[in-house]
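Asks: Quick one: structure below, then a few questions.
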Amino acid sequence: MRILVLGATGGTGRRIVETAVADGHEVVALVRSVERARDIEGARLVEGDARDASAVAAALEGCSAVACSLGAPISLFGRVDILSEATRVLVSAMTRGGTRRLICVTGIGAGNSRGHGGFLYDRLIQPVLLRTVYQDKDRQEEIVRASGLDWVLVRPVMLTDGAPAAARASADPSVPHGRSVSRATVARFILDQAIGDEWLRQAPIVWS
C-alpha cells in the first residue's frame, strides 16, 4: 500500500513513517523542506506546504491512504488555523483523486472528549496553553466528519517517546483510560486503521 504521511517531521509522524516502512508499505511524506527531512529514512519526500492544493495533489497521487499527524504552534491569543486549513485542502484533494482512507490524529480534549483529560489538563493545560490549538482541532475534526471519506479520528492521551506497547482504545470518552501513550504505540494503531475497519468513522481515545 502507498501511504501519504502529513506531519512526517514531527514526533508521531516519524514513528508513523518508521512503522509503515517496516510493514513494507510505500511511504510518501509531504514536508515543507526536503533538506530538513533528510534523516527520514525509507520515505519518498515531496516538498510543499500542506495548505497548497497542488502540492497535496501531487503527493497524494497513487496513495491508498493518508495518515495526517500535523501539529500546530502554541498561540495563547492569536487564532490557529493551520490544521483546519490543511485538512480542508487534503479532503478536497482526496475526494477529487479517489483516495478514501483518512486517519487523522487530533488529541484528547477535541470534540466530545473535552473534559476527560484529567484534572490538570482539563483545568489548566488545554484551556490556557492549548486553547486556540484545540479550537482548530475541533474545526479539523468537523471537516473530517463531514468529508464523506472513510475516516478515523485518533485521539491519543499524553504522548511519550517510550517503547511500543499494546494500544487500548475507546470511542466513549467517559471510559476510564490511561494518562499516557508512546508515539510508537499510536503509530502502530494508526497503521492498523489504514488497513482495517474496526474504528471506521469513529474517534477513539488511545492509551496504553
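The values are calculated or read from the model by the stated rules, or taken from the named source; none is laboratory data. Quick caveat, the model's predicted, so the values are computed rather than measured. Because the Cβ atoms are built from the backbone with ideal geometry, glycine has one as well, and the counts that use them run over all protein chains shown.
Asks: Any residue that is crowded, with 23+ Cβ neighbours inside 10 Å and part of a strand (DSSP E or B) - is there at least one of those in region 182-203?
Replies: Scanning region 182-203 turns up no residue that is crowded, with 23+ Cβ neighbours inside 10 Å and part of a strand (DSSP E or B).
Asks: Same structure, new question: Here is a list of conditions, (1) in contact (Cβ under 8 Å) with a residue 60 or more places away in the chain; (2) surrounded by fewer than 23 Cβ atoms within 10 Å (Cβ to Cβ); (3) under 21 Å from residue 15 (Cα atoms), and residue 112 meets all of them except one; can you say which number that is?
Replies: For residue 112, the exception is condition (3).
Asks: Answer with yes or no whether residue 147 is assigned to a loop (DSSP other than H, G, I, E, B), at pLDDT 95 or above and either surrounded by fewer than 22 Cβ atoms within 10 Å (Cβ to Cβ) or hydrophobic (A, V, I, L, M, F, W, C) (or both).
Replies: yes
Asks: Please pick out the residue among 127, 164 that is more than 17 Å from the chain's Cα centre (by Cα) and either of a type in the set (Asp, Glu) or under 19 Å from residue 109 (Cα atoms) (or both).
Replies: Step by step, each of 127, 164 is checked, and only 127 is more than 17 Å from the chain's Cα centre (by Cα) and either of a type in the set (Asp, Glu) or under 19 Å from residue 109 (Cα atoms) (or both).
Asks: Output the strands (runs of 3 or more DSSP E) that fall wholly within region 2-108 and possess 2 or more residues being touching a Cys at 6+ places or on another chain (Cβ under 9 Å), among the aliphatic types (A, V, I, L, M) and surrounded by 15 or more Cβ atoms within 10 Å (Cβ to Cβ), or say none.
Replies: Result: 2-6, 65-68, 101-105.
Asks: Looking only at region 14-30, which residues are touching a residue at least 40 places away in the same chain (Cβ under 8 Å) and touching a strand residue (DSSP E or B) at 6+ places or on another chain (Cβ under 6 Å)?
Replies: Result: 16, 20, 25.
Asks: So residue 169 passes all but one of these: (1) more than 22 Å from residue 72 (Cα to Cα); (2) outside any strand (DSSP E or B). Which condition number does it fail?
Replies: All conditions are met except number (2).
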